[in-house]
Structures are given as C-alpha cells and as structure tokens.
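Each reported figure results from applying straightforward, stated rules to the coordinates on display, with no laboratory input. Note that the coordinates shown come from a computational prediction; the quantities given were computed from them, not determined experimentally. Cβ: placed from backbone, ideal geometry, glycine included. Neighbour counts: every protein chain shown.
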DNA sequence: TATTGTTATACTCTATAACTATA
DNA sequence: TATAGTTATAGAGTATAACAATA
C-alpha cells in the first residue's frame with residue numbers, strides 16, 4: 001500500500017494547502033482571520049490559558065502567539081491579566097465581544113463554505129466530518145511524540 | 001441540517017488551516033515549499049503554461065504567480081520562453097530538474113505524512129482520499145461560477 | 001483600448017535569536 | 001540558572017495598484 005500512500009500523501013498535502021488558501025482569501029473582509037479565530041476557539045473550548053499554553057495548543061512558537069494575542073487584544077476580543085502567583089505568566093481570556101464572535105458571528109461568516117456544504121450529498125458531508133477527525137488525530141498524535 | 005453544516009463548516013475550516021500550517025512547517029528544510037511544489041505539479045499535469053494560466057489553475061493573483069515562477073526559475077526548476085506568436089505572453093515549462101523533483105523527490109519527502117497515513121486503518125485512508133476529491137470539487141465548482 | 005506580465009508596495013503569518021523579568 | 005513572555009528581525013506567501021510592452 002506504500003505506493004498509494006505516497007500518492008495520497010501528495011494529493012492530501014496539495015489539496016489541504018489549496019483549500020486553506022481559498023478559505024483565507026474568502027475571509028479577507030472578515031473581522032478576524034482564521035488564525036485569530038482558531039486562537040479564540042481554543043480559549044472558548046479550554047477556558048483562559050497562558051500564551052505558552054495557547055502556543056502549544058495551536059502548534060505555533062511563542063512569539064507567533066504573542067502577535068496573535070496582541071492583535072486580538074487590539075480588537076478587544078481577549079483580555080490579558082497577570083497570573084495570581086507567578087509573575088512571569090499571563091492569563092489570556094475571552095472578552096464578551098470575543099465570546100460573541102465565537103458563538104454567533106464566526107459560524108455565520110463561513111457563508112461560502114456553508115453554502116458549498118449544503119450542496120453536497122449527506123454522505124459527502126459525513127466523509128468530510130470523518131476526515132476532520134482523522135486530520136486532527138494525526139496532529140494530536142504528533143503532540144504525544146514531541 | 002443547517003446547524004450541523006454550521007459546525008462542520010467551522011471545524012473543517014479550522015482543521016484545514018491547522019493541518020496546512022503543520023505541513024508547511026514540516027517542509028521547512030525541503031528544497032521547495034508547498035506553494036512551489038503545487039505550481040510544479042500543475043506544470044507536470046498540464047504541460048507548459050503561461051503565468052496567467054498558472055495563476056488561474058492555482059487560484060492566485062498574477063503577481064503572486066510571478067513571484068513563485070521567479071523563485072522556481074532561480075532554483076532551475078522551470079524555464080521561461082517567449083510565446084511564439086504573442087509577444088506579451090510567456091511559456092513556463094519544467095526543466096529536467098523540475099521533473100525530477102516532481103517524479104521522485106517530492107513524494108519521498110512527504111515522509112512525515114506518509115508515515116502517519118501508514119498508521120491509519122485502510123478505511124480511514126479511503127475516507128481521506130474521498131475527502132480530497134470532495135474538497136477539490138468544491139474549489140473546482142467555484143471556478144465555473146467565477 | 002484591452003490584455004499580459006511585471007514591478008512596487010504592503011500586510012499577514014510564521015520563524016529564530018536576543019532580551020527582560022521572575023522563579 | 002531556568003522559565004515565560006516579549007521584542008527585534010527576517011522570510012514566505014499573498015494581495016492591490018501602477019506600469020510597460022504588445023495586440
């Protein structure tokens with residue numbers, strides 16, 4: 001099966017990158033970018049986190065996350081508070097506006113993709129849902145090793 | 001089914017972007033980036049193309065493709081030749097080295113992903129393969145409209 | 001005038017290296 | 001000395017606007 005794996009690996013990589021490019025392009029006029037939305041999403045799922053934890057969750061380096069957090073703070077979507085006992089650390093949490101973005105606006109704004117998904121057959125949607133789980137699993141498995 | 005679609009759209013978008021980030025990171029020490037590989041791939045599949053055609057295939061704006069082509073030409077992976085009848089146009093084609101990248105090196109280099117796919121159940125690989133087709137279909141459908 | 005491609009410029013996302021403050 | 005976070009800097013990838021050459 002190695003030959004098929006080779007082909008699947010290549011096709012999956014190219015399709016993913018092409019699709020991600022498309023999605024980013026579609027959000028140009030959106031309030032938050034996908035990178036920002038992804039960080040907000042982590043805070044919504046896991047509650048307040050330190051920048052270091054956020055960077056680990058999102059699998060970026062700490063300086064990259066510092067920038068994302070700064071941009072979100074500028075937009076008023078997250079707050080930074082000092083850690084109660086460790087003066088080095090910072091607690092990042094969603095603001096009310098940030099929560100609104102997560103709960104309401106974000107989903108509604110993915111309009112293009114939603115429309116496309118609507119046109120698919122139910123089995124195709126199910127396939128994509130499974131694929132999402134598999135992809136997330138591949139990345140999660142990575143975490144354990146590293 | 002709209003509620004599920006909302007959720008699927010969001011999750012698919014985040015998973016795609018996260019996975020693409022991961023893939024790009026993995027190729028840091030590679031000869032060509034995924035963006036470059038994607039363009040090489042288009043030339044391998046479709047034969048020589050003009051920059052405009054390549055930009056359309058890859059769904060980027062012409063100036064973006066100009067840069068990609070320039071970087072590939074610097075690496076000696078593509079050649080630029082004048083169009084035989086239209087002096088405005090340029091024909092971009094794979095060099096021998098470019099073909100080697102496509103046929104051999106590229107697939108072998110996706111080692112991380114290949115290993116991961118190898119660990120999956122056959123049904124999961126099949127799911128991913130279907131998902132690739134669906135995603136490419138979504139983008140292709142876009143083309144007809146635009 | 002319209003089209004093709006490029007140049008100029010800028011913004012986002014990401015990284016590594018160096019620094020600051022705290023433990 | 002080690003850790004958490006930030007700042008400084010750089011590079012890739014994308015875009016829009018303006019330009020040149022050709023049709």
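Points to keep in mind about this one:
- Computed from the C-beta positions of residue A:53 and residue B:111 and an R0 of 41 Å, the FRET efficiency is 0.90 to the nearest 0.05.
- Chain B: angle of helix B:122-145 to the longest principal axis, Cα-based, in degrees nearest 10: 60 degrees
- Look at the stretch B:112-121: the mean tally of other chain Cβ atoms within 10 Å of its residues' Cβ atoms is 5.
- Between 0 and 90°, nearest 10: helix B:62-74 axis offset from chain B longest Cα axis: 70 degrees
- Compared with the dominant Cα axis of chain A, that is its longest principal axis, helix A:34-46 is turned about 70°.
- Computed label-point distance, nm, for sites residue B:133 and residue A:97 using a 7 Å Cα→Cβ extension: 4.6 nm
- Coordinate range of the alpha-carbon atoms in the protein assembly as shown per principal axis, descending: 69, 41, 38 Å.
- Residue among B:89, B:53, B:36 with the largest mean-square fluctuation in a Gaussian network model of chain B, springs linking Cα atoms under 10 Å: B:89
- Residue with peak Gaussian network fluctuation, chain A [Cα springs, cutoff 10 Å], from A:113, A:94, A:77: A:113
- Remark: the Cα gyration tensor places chain B in the oblate category, a/c being 1.5 or greater and a/b not exceeding b/c.
- Mean ellipticity per residue at 222 nm, deg cm²/dmol - from DSSP H runs of n ≥ 4 across chain A, formula -39500 (n - 2.57): -22000 deg cm²/dmol
- Relative contact order (%) - chain A, alpha-carbon pairs under 8 angstrom, separation at least six: 17 percent
- Site pair residue B:140 and residue B:123 shows an inter-label distance of 2.7 nm when each label is modelled 7 Å from Cα along Cα→Cβ.
- Euclidean distance between Cα centres, segment A:41-59 to segment B:76-138, Å: 34 Å
- Model label sites at residue A:85 and residue B:74, defined 7 Å from Cα along the beta-carbon direction, differ in position by 5.1 nm.
- For chain A, built as a Gaussian network whose Cα springs stay under 10 Å, the top-fluctuating residue of A:12, A:120, A:75: A:12
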